Amino acid sequence: MSDDVKSLSGELARDPQSLVFLRLGELLRQRRQFDTATRVALHGLERHAHLADAHDLYARILADRHDYEHAFDEWDMTLRIAPHHTGALKGLAFLYFKVGDLTQAEAHLQAAHRIAPDDPTIGQAFAVIRGEAGLSGEVPAEALPTAESLAPIPEPRVFAGLEGAQEGLLLLDGAGMVLGGALKTADGDDVTETVAAYLAGVSHEATRTARLLGLGDWRGLSAEGQSGHVHVGQPTTESMLLVMRDRSVPLGRLSLLAQRAAQAARRWLERQR
Amino acid sequence: MSGLYMRALDMVTRVRGVRGAMVVARSDGLVVAEQLMEGIKGSTVAALTASLTGRLQRAMMAAGLGPSQFWHLQCESGAVLAVPAGEGLLVVAVTEPEVNVGLVRLELLRAAEAAG
């Protein structure tokens, strides 16, 4: 066993919740130790079922083992969790290429290129596909599907019917992984994953603060920002809900909206059990 | 300077239902000035509030909402409210559950202006 693998394995053994499995799994995959890489990836997925990178890792291992059907499912799941995951877009492009669907392959690469224009591997992949297809020059952008049209079919919406369900409500699990909803800035940028990462510790901090001050359990955390307001709550003990609105929605109304969203989240979580 | 902060805190603690108020350094969570009822641990309030508001502030910045201007932690038996003040400070209030939050917010903002 190499030092790197030994060191990463040791780290994972000490902290099974650690995200180090991603590095370890990738290292094993690169060394073509597929059985061990699979075990590491599945170990990670058991603990981080909503982590896009975990599905991406497993998909890469499956693809290397020529299990393209399941690799497709894993990359599809990756995109459901993180629609802008370039690894998954490139992976799906590869799978479409393998089955001869060059239009879909190129469309997925175009989507990846829009997200990561400086990624040199995308250019290389384009060259391979165009060589295979006998294409020359750029494919007109308008002839290709948009990123939105490539997005996977949405799962049953957590917040269906609620105001701003598509962009201002976010449901996380206890580890800060996205369960549903999405957040966008006023400019339309998707900030779901970033905000989720920052919120991961908020619940724990709020619980500590409330308990150490003898204030019992916390019920909600609201904040006013320069351009909008947020409300963070706990629909269940193992989940966290963020509601975000612009400043035209007063904090009091935001709190009411958060209550409705929490009810919807509880019902949705119950259905998932 | 200490007198200035204490006068600012007076504005907050005179509101009915406020159990204490303090000025806290945002960067390290240390107490700068405090007026607290017996039983409230100032250093605990300061450290935890600075940490919690900092975390939420980062999430809000990432969401494009800009810097936070008011935080409100609602709990079963009370609340913690905070506003930013100049020079990297927070003005924080610990309250009973039945308190006029709007009034406390107003006084916190006035205190922050006075302290800043």
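Scanning region B:67-81 for residues that are crowded, with 20+ Cβ neighbours inside 10 Å and closer than 14 Å to A:A210 by Cβ returns B:W71, B:H72, B:L73, B:Q74, B:C75, B:G78, B:A79, B:V80, B:L81.
Filtering region A:181-222 to residues that are in contact (Cβ under 8 Å) with a residue 12 or more places away in the chain, at the interface with chain B (Cβ under 7 Å from one of its Cβ atoms) and not charged (D, E, K, R) leaves A:L183, A:A186, A:V195, A:L199, A:G201, A:V202, A:A206, A:W218, A:G220, A:L221, A:S222.
Going residue by residue through region A:198-211, is there one that turns out to be under 13 Å from B:M60 (Cα atoms) and among the aromatic types (F, W, Y)? Yes: one or more hits. Taken over region A:181-230, residues that are more than 27 Å from the chain's Cα centre (by Cα) and assigned to a loop (DSSP other than H, G, I, E, B) amount to 6. Taking the numbered list (1) among the acidic types (D, E); (2) buried (at least 21 other Cβ atoms within 10 Å of the Cβ); (3) under 30 Å from A:D3 (Cα atoms) in turn, A:E106 passes all entries but (3). Among the residues of region A:150-170, is there at least one that is at pLDDT 75 or above, closer than 22 Å to A:A264 by Cβ, touching a strand residue (DSSP E or B) at 6+ places or on another chain (Cβ under 6 Å) and at the interface with chain B (Cβ under 7 Å from one of its Cβ atoms)? Checked against the condition, which is being at pLDDT 75 or above, closer than 22 Å to A:A264 by Cβ, touching a strand residue (DSSP E or B) at 6+ places or on another chain (Cβ under 6 Å) and at the interface with chain B (Cβ under 7 Å from one of its Cβ atoms), region A:150-170 yields no hits at all.
The listed residues are B:L9, B:L52, and the only one of them that is within 14 Å of chain A (Cβ to nearest Cβ) and assigned to a helix (DSSP H, G or I) turns out to be B:L52.
Which of the residues spanning region A:231-244 are touching a residue at least 40 places away in the same chain (Cβ under 8 Å), part of a strand (DSSP E or B) and either more than 9 Å from chain B (Cβ to nearest Cβ) or farther than 17 Å from A:E193 by Cα (or both)? Matches in region A:231-244: A:S239, A:M240, A:L241, A:V243.
Could you tell me whether B:G102 is in a helix (DSSP H, G or I) and either closer than 27 Å to A:Q234 by Cα or among the aliphatic types (A, V, I, L, M) (or both)?
Spelling it out, B:G102 is indeed in a helix (DSSP H, G or I) and either closer than 27 Å to A:Q234 by Cα or among the aliphatic types (A, V, I, L, M) (or both).
For region B:76-92, the criterion of being closer than 22 Å to A:P250 by Cα, in contact with a Cys (Cβ under 8 Å, 6 or more places away or on another chain) and either assigned to a strand (DSSP E or B) or within 9 Å of another protein chain (Cβ to nearest Cβ) (or both) is satisfied by no residue at all. When A:L256 is tested against (1) touching a strand residue (DSSP E or B) at 6+ places or on another chain (Cβ under 8 Å); (2) at pLDDT below 90, exactly one condition is not met: (1). Candidates in region B:28-49 are the residues that are at the interface with chain A (Cβ under 9 Å from one of its Cβ atoms) and of a type outside the set (A, V, I, L, M, F, W, C); of these, the one that is surrounded by the fewest Cβ atoms within 10 Å (Cβ to Cβ) is B:G39.
Which of the residues belonging to region B:50-61 are surrounded by fewer than 24 Cβ atoms within 10 Å (Cβ to Cβ) and of a type in the set (G, A, S)? Result: B:A50, B:S51, B:G54. Considering (1) within 11 Å of another protein chain (Cβ to nearest Cβ); (2) surrounded by fewer than 18 Cβ atoms within 10 Å (Cβ to Cβ), the lone condition that B:G64 does not fulfil carries the number (2).
Confirm whether B:L108 is more than 8 Å from every other protein chain (Cβ to nearest Cβ), surrounded by fewer than 20 Cβ atoms within 10 Å (Cβ to Cβ) and not in a strand (DSSP E or B). Show your work before the answer.
Working: more than 8 Å from every other protein chain (Cβ to nearest Cβ): yes; surrounded by fewer than 20 Cβ atoms within 10 Å (Cβ to Cβ): no; not in a strand (DSSP E or B): yes.
When the stated conditions are applied, B:L108 does not pass them.
The values are calculated or read from the model by the stated rules, or taken from the named source; none is laboratory data. All of these numbers come straight from a predicted model, not from anything done at the bench. Glycine also receives a Cβ, built like all others from the backbone with ideal geometry; neighbour counts cover every protein chain displayed.
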